[in-house]
Structures are given as structure tokens and as C-alpha cells.
Amino acid sequence: PIKRLTVPNIITKKGKEPIVSLTAYTTPVAQLMDEHVDLILVGDSLGMVIYGLDTTLSVTTEMMIAHGQAVMRGTQRACVMVDLPFASYQESPQQAFRTASRILQETGAAAVKLEGGEEMAETVEFLTKRNIPVCGHVGLMPQAVQMMGGFKVAGKNDESVQKVIRDSHAIAKAGAFAIVLEGVVEPVAQTITQQIAIPTIGIGASPACDGQVLVCDDIFGVFQGFKPKFVKRYAQVGQTMTEAVQQYAQEVRSRAFPTMEYCFQPNKG
Ligand code: KIV
Ligand code: NA
């Protein structure tokens, strides 16, 4: 049996080797990345990339649990963490504990991730003191899309720089084991990485971050809704799937499929 990477194993990588992280939402995709990545995030981005929602705001804890279970079934080696969805943790540290503990119990994942800076520090401390490993997420916070009026990069002006630095320090001090820096101007992401003791995991941040994360459907070229600047497409799987559908449709219409090879015959005799 393969030993699964633990939260302490992830922390230890800071200053030694980059942490490789991707999102996953389904068993087959989790399976194919398991031996190649360190940390799998069951992100609430699933609302946008697999459910076709415009934002992550209506993702539910039940959706996160179902996909967390699917990812755990497909993995043996990677450390798995699950996002706390919008409105499942912001009300109080107690609400956050109820949601996070339920997610760990029902999925078997090692940790949860939540969005927020200084205002979430109390909650991060409440969870970590009660043995729930928490990954922070600051900078561009998709669950804050209504307050921000869109998906906005952090650190573009001095006030925003100071805020993302304060937020990162607050979450690290509160006991988070790692922190996602999303959509943070590069020099600021680098500064934060140098200043805090826990690993930073960048997405639209900096090569200096202690790790990198991207949305799996984005790197595969499956999600074609839009492509943020920070997404690098490593494959054109969406194009390949379109071609498969086109060829299938053409063969059904021309009766080229199925040939006898794909049909059952009665027993001889
Ligand atoms: O939900 C998600 O996929 C995320 C990553 C982009 C960090 O939070
Ligand atoms: Na997320």
C-alpha cells in the first residue's frame, strides 16, 4: 500500500522543493494525477468548471462532500484538501467547525481550505486548535466576487498591497498550514513567500511561491468558458472530445457505427 502524503509532509517542502498542486473533482481525473502531484484541491471552482455556474457562490457543502469522496476514491498518494463553500463558514468559528469536521469525517480528506484574510484569522485559529488543518486563500477571492464587482487582481495599488500582506500574515499566525495566493501581483507574492513561515501556493502569483496550483480543467483545455491570464493550457482535450463527438455523430448518421465487432451474436448450436 502506498503511503499518503500528510499535512506535515506538505509543510516540510517549504524551502526544499516546490509543492505541485492541481484541483480534481472526479475519480478518474484524480486517479490519473495521483502519482504526479503532492496536493489535490477539491476546489469550489467545481461550480464554475463542471456545473456551469457563473460564480462559486451557490456551491453547497453537499456538492463538496460528494466530489471530495469521489477524489478520495481515486487517490492513494496525494494529500487531499476540500474547499469550504460560500456561506458554510463565514457566520462564526463554530459554523466553520461544524462544516469542516463534517467534510473531514464524510470524505476522509486531510484538510480544508477557506477564503479570507484578517477577518478569518479567528476562525482559522479555532479550527486548527481543534485539530482541523486549514489552508488559507487570500488575494483574489472568488467568493468575494460581489463585493469586488468582479474577479480582481490584488496588489495593484499600495492599499491593496498592504492588505494582502496583512491578510497573509494574519492567516499564517492563526495556524494555517499553507496559504493559496491567488491573483496577487508578482513581487508582492514573492515578498509574502519570503516573510511567512508556511508554504505559499500560487495561482496567478509568482514562480517564487513554495508551490503552484491550477484548475485541472484549465490545464487540460476542457473548460473553455474563459481563460484567465494565469492559465497555461497543457493539452487541448476539449478539442479532442469535440472531434470524437463529431466523428461518432457522422458514423451513426451514415450507419458506419456499430459494425459487427461491437454487436452481440446468439450462441451457436
Ligand atoms: O476552487 C479552486 O479551484 C481554488 C483554486 C483556484 C485555488 O480555490
Ligand atoms: Na476555491
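Please treat every number below as a calculation from the coordinates, not as lab data. Everything numeric here is computed off the predicted structure, so don't read it as measured data. All Cβ positions, glycine included, derive from the backbone under ideal geometry; neighbour counts span all protein chains shown.
Do the sum for the chain: with -39,500 (n - 2.57) for every DSSP H run of n ≥ 4, divided by all residues, what is the mean residue ellipticity at 222 nm, to the nearest 500 deg cm²/dmol?
Helices in the chain give a 222 nm mean residue ellipticity of -11500 deg cm²/dmol.
So if I average 1/r over every pair of distinct C-alpha atoms in the range 21-94 and take the inverse, what Kirkwood radius in Å does that give?
Result for the range 21-94, one decimal place: 12.5 Å.
Quick check: Cα centre of the range 129-206 to Cα centre of the range 1-66, how many Å?
Centre-to-centre distance over Cα atoms comes out at 18 Å.
Please report the antiparallel percentage of the DSSP beta bridges confined to the chain, to the nearest 5.
DSSP beta bridges in the chain are roughly 5 percent antiparallel.
Roughly how many debye, to the nearest 20, is the charge dipole of the range 1-159 about its Cα centre, given +1 on each Lys and Arg Cβ, -1 on each Asp and Glu Cβ, and no other charges?
620 debye
Among the lysines, which fall within straight-line cross-link reach of Lys227, defined as a Cα-Cα distance under 28 Å, with same-chain neighbours fewer than 8 residues apart omitted?
List returned: Lys113, Lys152, Lys156, Lys163.
For the chain, take the alpha-carbon Rg, divide it by the Kirkwood Rh, and send me Rg/Rh.
1.06
Which helices count as membrane-span-like in the chain under these terms: full DSSP H, at least 15 Å along the axis by C-alpha, Kyte-Doolittle mean of -0.5 or more? Could you put the intermediate results ahead of the total?
Working: long enough: 61-73 (18 Å, 0.17); 93-107 (21 Å, -0.81); 158-173 (22 Å, -0.63); 237-253 (24 Å, -0.62).
Going by DSSP H runs, the hits are 61-73.
For a quick check of your reading of the filter: which GluC sites (Glu not before Pro) in the range 1-107 sit in a DSSP loop and have no more than 12 other Cβ atoms within 10 Å? Show your work: numbers first, answer last.
Values: sites: Glu35, Glu62, Glu91, Glu106; in loops: Glu35, Glu91.
Answer by residue number: Glu35, Glu91.
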